[in-house]
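The values are calculated or read from the model by the stated rules, or taken from the named source; none is laboratory data. Given the structure is predicted, the values throughout are model-derived calculations rather than measurements. All Cβ positions, even for glycine, are placed from backbone atoms using ideal geometry, and neighbour counts span all protein chains on display.
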Amino acid sequence: MSALRVSLLIPCYNGAAYLAESLTSALEQDRVPDEVIVIDDGSTDDGGSIAAGFGPRVRCARQDHLGISAARNHGIALSTGDVIAFLDADDLWPAGSLSVRLSLLEDRPELDCASGLIKQFMSPELPDAIRRTLVCPEDVSRARAAGVTLARRRVFDRIGRFDTSFRIGETLDWIARADAAGVTNEVAEQVVLLRRVHTANTTWRLRDEKAEYLRVLKASLDRRRAKAPADSQPGKD
């Protein structure tokens with residue numbers, strides 16, 4: 001057993017349809033998280049009861065509906081692990097997901113984060129008419145996502161938590177801040193996250209708010225400009 005304690009945080013907003021499968025994928029790993037915290041973000045479905053049905057292996061905390069950033073931040077505040085892992089309530093960890101990433105952190109104490117590859121899949125219950133409206137790439141990718149990332153607690157102490165002002169793109173903002181601060185990350189060449197594609201995905205539900213990504217980009221550029229030496233600013237001779 002690793003000396004590093006792992007806290008898995010699962011934010012859940014009306015995710016009762018998939019939460020049990022998500023939790024099972026985490027609890028059946030060859031290396032099980034030391035604590036699993038489901039943060040119920042003001043759900044109106046039965047997600048809280050589903051989490052409670054897993055008994056003492058899963059802790060459930062509830063908050064008003066404040067969004068995924070606030071839910072993750074709440075989970076970080078409650079967690080006790082040396083390493084923080086994330087899994088959305090509709091996604092899955094394939095076999096070996098946690099152990100392959102954790103081994104990178106164990107082998108390199110100086111490494112801040114470990115991640116891996118992502119594979120998307122169409123949720124099997126969707127009718128063909130809905131499937132035709134969704135995009136589900138077949139290729140494995142290195143997408144920067146919270147669900148593929150293991151981060152030592154010190155990273156959050158260093159750069160802060162997720163920005164609750166972003167409704168979407170909050171992970172890209174956090175990663176941009178981590179990159180700017182020199183946070184190190186190594187990618188395992190193994191699929192560590194199975195991302196479910198369905199009509200309740202955040203990017204689908206908030207598809208008319210994709211201007212948020214422009215706000216994320218602007219925030220990143222503003223930080224870079226603020227850090228740049230005065231003589232390198234545009235307009236300087």
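Comparison of Glu28, Glu35 shows that the only residue that is at pLDDT 95 or above, under 19 Å from Arg161 (Cβ atoms) and among the acidic types (Asp, Glu) is Glu35. Among the residues of the range 30-43, those that are over 14 Å from Ala89 (Cβ atoms) and not basic (Lys, Arg) comprise Asp30, Val32, Pro33, Asp34, Glu35. Quick check: anything in the range 80-103 aromatic (Phe, Trp, Tyr), crowded, with 22+ Cβ neighbours inside 10 Å and under 22 Å from Asp157 (Cα atoms)? Yes; the residues of the range 80-103 include at least one that is aromatic (Phe, Trp, Tyr), crowded, with 22+ Cβ neighbours inside 10 Å and under 22 Å from Asp157 (Cα atoms).
Looking only at the range 83-120, residues that are within 23 Å of Ala71 (Cα to Cα), out of contact with any Pro (no Cβ under 9 Å at 6 or more places or on another chain) and charged (D, E, K, R) come to 3 in all.
Is one or more of the residues making up the range 3-17 farther than 18 Å from Asp163 by Cα, of a type in the set (A, V, I, L, M, F, W, C), touching a Gly at 6+ places or on another chain (Cβ under 7 Å) and free of Cβ contacts under 8 Å to residues at least 40 places away in the same chain? Yes - at least one qualifying residue is present in the range 3-17.
Residues checked against (1) more than 22 Å from Leu104 (Cα to Cα); (2) within 19 Å of the chain's Cα centre (by Cα); (3) not hydrophobic (A, V, I, L, M, F, W, C):
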{"position": "Ala3", "(1), (2), (3)": "no, no, no"}
{"position": "Leu8", "(1), (2), (3)": "no, yes, no"}
{"position": "Glu21", "(1), (2), (3)": "yes, yes, yes"}
{"position": "Thr24", "(1), (2), (3)": "yes, yes, yes"}
{"position": "Gln29", "(1), (2), (3)": "no, yes, yes"}
{"position": "Pro33", "(1), (2), (3)": "no, yes, yes"}
{"position": "Val36", "(1), (2), (3)": "no, yes, no"}
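Exactly one residue out of Asp107, Asp91 is over 23 Å from Ala20 (Cα atoms), of a type outside the set (Lys, Arg) and modelled with pLDDT of 95 or more: that is Asp107.
Comparison of Ile76, Ile130, Ile84 shows that the only residue that is of a type outside the set (Gly, Ala, Ser), closer than 26 Å to Ala17 by Cα and at pLDDT below 95 is Ile130. Taken over the range 1-33, the criterion of being of a type in the set (Phe, Trp, Tyr) and out of contact with any helix residue (DSSP H, G or I) (no Cβ under 8 Å at 6 or more places or on another chain) is satisfied by Tyr18 alone. As a summary of the residue check, Gln29 satisfies the conditions (1) outside any loop (DSSP other than H, G, I, E, B); (2) more than 23 Å from His198 (Cα to Cα); (3) among the polar types (S, T, N, Q) except for the one numbered (1).
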